[in-house]
Amino acid sequence: MRIVLCFPNEERQRRRIAEAAPWAEVVDVPQERIAEELLNADIFCGHAKVPVDWEPVVRRGRLRWIQSSAAGMDHCLVPPVIASDIVVTSASGLLADQVSEHTTALVTAWLRSLPLFLAAQAKHEFIRRPTRDLHHSTILIVGFGGVGRRLAQVLRVFKTRLWAVDLFPVDRPEYVERLLPPTELPSLLPDADLVILALPLNSATRHAFGAAQFARMKPGSLFVNMARGAIVVTDDLITALRHGPIAGAVMDVTDPEPLPADHPLWDFPNVIITPHVGGQCAGRADDVARLFCENLRRWHEGRPLINLISDKQAGFPFRDGKTPLWIDVCDSIA
């Protein structure tokens with residue numbers, strides 16, 4: 001059995017993985033070699049950030065399992081893999097703490113007018129400007145998976161009113177007032193002060209948030225995208241920023257990404273953009289290794305895998321009562 005790794009890691013993570021799988025050879029490869037190494041892999045753990053032709057990998061028939069080191073699965077869930085019998089597990093929820101921190105930072109910075117105050121500081125100007133409150137606002141989280149649920153836990157301390165929509169509107173925490181299916185999104189948008197996207201990107205969600213959704217948002221509300229840029233129709237976002245009803249936007253992702261230097265989104269004074277850094281984490285490699293080692297033990301013992309993507313077309317693990325989810329079990333795993 002040959003396990004191929006391709007994610008930023010150090011000797012201690014590789015040693016831990018080797019100890020969890022003494023029945024396998026563990027090989028760490030750089031991004032520039034991942035395409036060729038996948039042809040000789042039985043198990044792959046990582047995130048291919050370079051183009052990979054998955055067709056010959058699937059045709060070879062050796063690769064049995066992909067453990068993504070990222071929550072987003074567009075790097076490997078391509079048509080040949082989707083149609084194959086390759087088992088796929090994600091890192092959904094692994095970076096929920098960091099994305100929640102980053103979301104809170106961006107939202108509070110926008111609401112408290114921090115970009116304006118920092119610009120004034122650079123000019124040595126002591127000028128008071130209006131600010132807004134996060135406390136007691138109504139927040140609608142679109143996508144209630146690992147990130148969405150952790151975000152709700154964080155935002156509850158601001159005495160907010162929390163609503164969410166999700167394909168699996170189950171296991172509603174007591175501090176979330178409403179958890180509804182996506183069909184209810186149009187009825188919730190007009191009353192939300194903040195709308196936060198925490199959806200996976202797949203064929204159903206690509207460009208799913210556009211003119212119709214922006215038109216229903218509350219006048220003066222804030223739009224937040226912490227998911228994937230391509231979920232939003234960028235031209236429609238620009239129109240909503242120019243003509244309303246929204247008051248502004250904060251986003252860690254864009255479409256296109258990276259955003260070209262001459263793109264109009266850069267110049268909106270009511271927009272904050274960060275370069276897809278919400279998931280940055282000092283201990284990310286350790287967390288990836290911890291998840292992968294637990295799944296290696298489960299794989300070897302024939303137990304249910306954490307974050308198994310049972311529907312590869314959907315591209316995310318379901319909260320179906322059968323699939324163990326990282327956000328639910330991580331605290332019990334050493």
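The values are calculated or read from the model by the stated rules, or taken from the named source; none is laboratory data. From a predicted model like this one, the values you see are computed outputs, not experimental measurements. Because the Cβ atoms are built from the backbone with ideal geometry, glycine has one as well, and the counts that use them run over all protein chains shown. Ligands, DNA and RNA are excluded from the accessible area calculation, which covers all protein heavy atoms including side chains. Shrake-Rupley method; radii C 1.70, N 1.55, O 1.52, S 1.80 Å.
Report yes if some residue within region 235-250 is β-branched (V, I, T), over 17 Å from V107 (Cα atoms) and at pLDDT 95 or above; otherwise report no.
yes
Are any of the residues in region 213-229 over 18 Å from G143 (Cα atoms), of a type in the set (S, T, N, Q) and open to solvent by 20 Å² or more (accessible area, probe 1.4 Å)?
Scanning region 213-229, I find no residue that is over 18 Å from G143 (Cα atoms), of a type in the set (S, T, N, Q) and open to solvent by 20 Å² or more (accessible area, probe 1.4 Å), so the answer is no.
Provide a single number: the residues in region 101-152 that are hydroxyl-bearing (S, T, Y) and touching an Asp or Glu at 6+ places or on another chain (Cβ under 7 Å).
2
Can you name the condition, by its number, that R33 falls short on among (1) assigned to a loop (DSSP other than H, G, I, E, B); (2) free of Cβ contacts under 8 Å to residues at least 12 places away in the same chain?
Only one criterion is unmet by R33, namely (1).
Do the conditions hold for A247, that is, is it open to solvent by 20 Å² or more (accessible area, probe 1.4 Å), over 26 Å from M73 (Cα atoms), touching a Ser or Thr at 6+ places or on another chain (Cβ under 9 Å) and not hydroxyl-bearing (S, T, Y)?
yes
Look at S203 and say whether it is of a type outside the set (D, E) and in contact with a strand residue (DSSP E or B) (Cβ under 8 Å, 6 or more places away or on another chain).
no
Please report, ordered by residue number, the helices (runs of 4 or more DSSP H) entirely within region 60-166 with at least 3 residues that are surrounded by fewer than 21 Cβ atoms within 10 Å (Cβ to Cβ).
Of the helices (runs of 4 or more DSSP H) lying wholly inside region 60-166, those with at least 3 residues that are surrounded by fewer than 21 Cβ atoms within 10 Å (Cβ to Cβ) span 79-83, 96-111, 114-122.
Could you please tell me which pairs satisfy a Cβ distance under 7 Å, a separation of 6+ or placement on different chains, a first residue in region 1-30 that is part of a helix (DSSP H, G or I) and open to solvent by 40 Å² or more (accessible area, probe 1.4 Å), and a second residue that is modelled with pLDDT of 95 or more and among the acidic types (D, E)?
Pairs that qualify, where the first residue is part of a helix (DSSP H, G or I) and open to solvent by 40 Å² or more (accessible area, probe 1.4 Å) and the partner is modelled with pLDDT of 95 or more and among the acidic types (D, E), are R14/D28.
Out of the residues in region 66-90 that are at pLDDT 95 or above and aliphatic (A, V, I, L, M), which is farthest from C6 (Cα to Cα)?
Taking the candidates together, the pick is A83.
Got a number for residues in region 180-212 being open to solvent by 30 Å² or more (accessible area, probe 1.4 Å) and either free of Cβ contacts under 8 Å to residues at least 60 places away in the same chain or farther than 21 Å from L155 by Cα (or both)?
Going through region 180-212 one residue at a time, the tally reaches 19.
Looking only at region 262-285, filter to residues that are among the charged types (D, E, K, R) and outside any loop (DSSP other than H, G, I, E, B); which one of those is modelled with the highest pLDDT?
This residue is D267.
Select from region 213-231 the residues that are in contact (Cβ under 8 Å) with a residue 60 or more places away in the chain and of a type in the set (G, A, S) and list them in ascending order.
Result: A227, single match.
Could you grab me the full set of residues in region 283-330 that are more than 20 Å from the chain's Cα centre (by Cα), without any contact (Cβ under 8 Å) to a residue 24 or more places away in the chain and at negative phi?
Those that are more than 20 Å from the chain's Cα centre (by Cα), without any contact (Cβ under 8 Å) to a residue 24 or more places away in the chain and at negative phi: R298, E301, R303, P304, K322.
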